[in-house]
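The block underneath contains the structure these notes are about, expressed in C-alpha cells.
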Amino acid sequence: MNLDLFIMNGYGLYVWSAFAFTLFNFLVLYKVTSRQLVKEKAKFARKYESLNSDKVILAYKQSTNRTFVRTVADKI
Amino acid sequence: MLSIITEKTKKILISPKFRNLIFVLFIIFLSVGLFEALILSPQDYLQSDSVRIMYVHVPSAWISLGIFSMIAFLSLGVIIFKNKNFVLISKSLAPSGFIFNLIALVTGSIWGKPTWGTWWAWDPRITSMLVLFLFYFLYLLSWKLFEKNKAVKISSYISIIGVINVPIIKYSVDWWATLHQPSSINVLSESTIHSSMLVPLFLMTAAFALFSVLIFLMKYNVELIKVKNKGLNRI
C-alpha cells in the first residue's frame, strides 16, 4: 500500500485534517438542512390534510402550493 | 413583468428535479476535484504537500465573500423595494456562507501551522476574515432573537454595514504588511499560479459553489414552506 498519499512528506496530518474538517461541515450542514426540510414538509402535509374540500380548492389554486403538494403527496 | 420573472424563478427554486440535478453535479465535481487536489496536482517547490490545503481554503474564502456580498446587495433591495422574496433568498444564503467562512478560517489556521509556524496571527487578512465571521454570526443571530419584521430590518442593516469589510479583506494583503501571501489569481492581470494547480482549484471551487447552491435551494424551500404553512392557517 502506498503510504505516501497519507504521509504527504510529513504534511499529511495537516492536509487530511483540513479536507476532513471541510467534508464533515458539508455533511452536518446538509443533514441539518435536510432534516428541517423534511420537518416543514410534514407540517405542510398535516395542515393540507386537515383542510376541508373548499379550502383545498382555494389552496391548490396557488402554484407554489401545487408544487409542494406534489412533493409531499406520499404523506397526504 | 417583474412578478412573472419572480414566479418563474420561484418555480425553478422549488423544483425537486433542479435540486437533484445540482446534487448530482456537486458529487461529480467534488469527486473529480478531490482526485485532482489530493493525487494528481503537484507539490509546491516551497510548501511541499501542504499547498493542497489551498484547494479547500481558497474556494471557501471566495464563496463566503461572494455570498455575503450577495446578501448585502439583496438586503439593500429589501430596504428600498420591500421585496419579500429578497428576504427569503438572503436568509437562505446565510447558513452556507457562514459555514464556508468557518471552513476558510479553520483550514487557514491548519495551513498556517506548517507554513508560518503558528495556528493564529492577528494579521490584517485573517483578522478581517474573523470580522466577516462575526457579521455572519450577528446576521443569523438577529433572525433568532427578533420577531420577523424587526429581524428583516436589523439583519439587512447588519449585512449592509458588514459588506464594508469585503473590500478590506480583498485588499488587506496589498494595503498592509501581512503574513498572508498576496493574490495568486487575478482577473485583470496574469495569474501567478501554474495550470496544474489552477485546474483542481477551479474544480473544487465549482464543487463548493454547487454545494452552496444546493444548501440555498433546500433552505429556500424550508423558508417558503414556513410561509405557506402560515398561509394555510389563514385560508
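In this structure, is residue B:229 within 21 Å of residue B:79 (Cα to Cα) and free of Cβ contacts under 8 Å to residues at least 40 places away in the same chain?
It is false that residue B:229 is within 21 Å of residue B:79 (Cα to Cα) and free of Cβ contacts under 8 Å to residues at least 40 places away in the same chain.
Being surrounded by 14 or more Cβ atoms within 10 Å (Cβ to Cβ) and of a type in the set (Val, Ile, Thr) is the filter here, so list the residues in region A:8-31 that pass it. If the condition is that a residue be surrounded by 14 or more Cβ atoms within 10 Å (Cβ to Cβ) and of a type in the set (Val, Ile, Thr), then A:15, A:22 are the ones that fit.
For (1) more than 14 Å from every other protein chain (Cβ to nearest Cβ); (2) under 19 Å from the mean Cα position of the chain (by Cα); (3) within 21 Å of residue B:105 (Cα to Cα); (4) not in a helix (DSSP H, G or I), each residue gets a yes or a no:
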| position | (1), (2), (3), (4) |
| --- | --- |
| B:171 | yes, yes, yes, no |
| B:177 | yes, no, yes, yes |
| B:184 | yes, no, yes, yes |
| B:199 | yes, no, no, no |
| B:204 | no, yes, yes, no |
| B:214 | no, yes, no, no |
| B:218 | no, yes, no, no |
| B:227 | no, no, no, no |
| B:231 | no, no, no, no |
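Per the listing B:154, B:110, the residue uniquely over 18 Å from the mean Cα position of the chain (by Cα), more than 23 Å from residue B:76 (Cα to Cα), assigned to a helix (DSSP H, G or I) and not small (Gly, Ala, Ser) is B:110. Report yes if some residue within region B:35-45 is closer than 14 Å to residue A:8 by Cα, small (Gly, Ala, Ser) and out of contact with any strand residue (DSSP E or B) (no Cβ under 9 Å at 6 or more places or on another chain); otherwise report no. Yes, because at least one residue in region B:35-45 is closer than 14 Å to residue A:8 by Cα, small (Gly, Ala, Ser) and out of contact with any strand residue (DSSP E or B) (no Cβ under 9 Å at 6 or more places or on another chain).
Each value in this text was obtained by applying a stated rule to the coordinates, not by laboratory testing. Source: prediction; values computed, not measured. Heads up, the Cβs are rebuilt from the backbone with ideal geometry, glycines too, and the neighbour counts pull from every protein chain shown.
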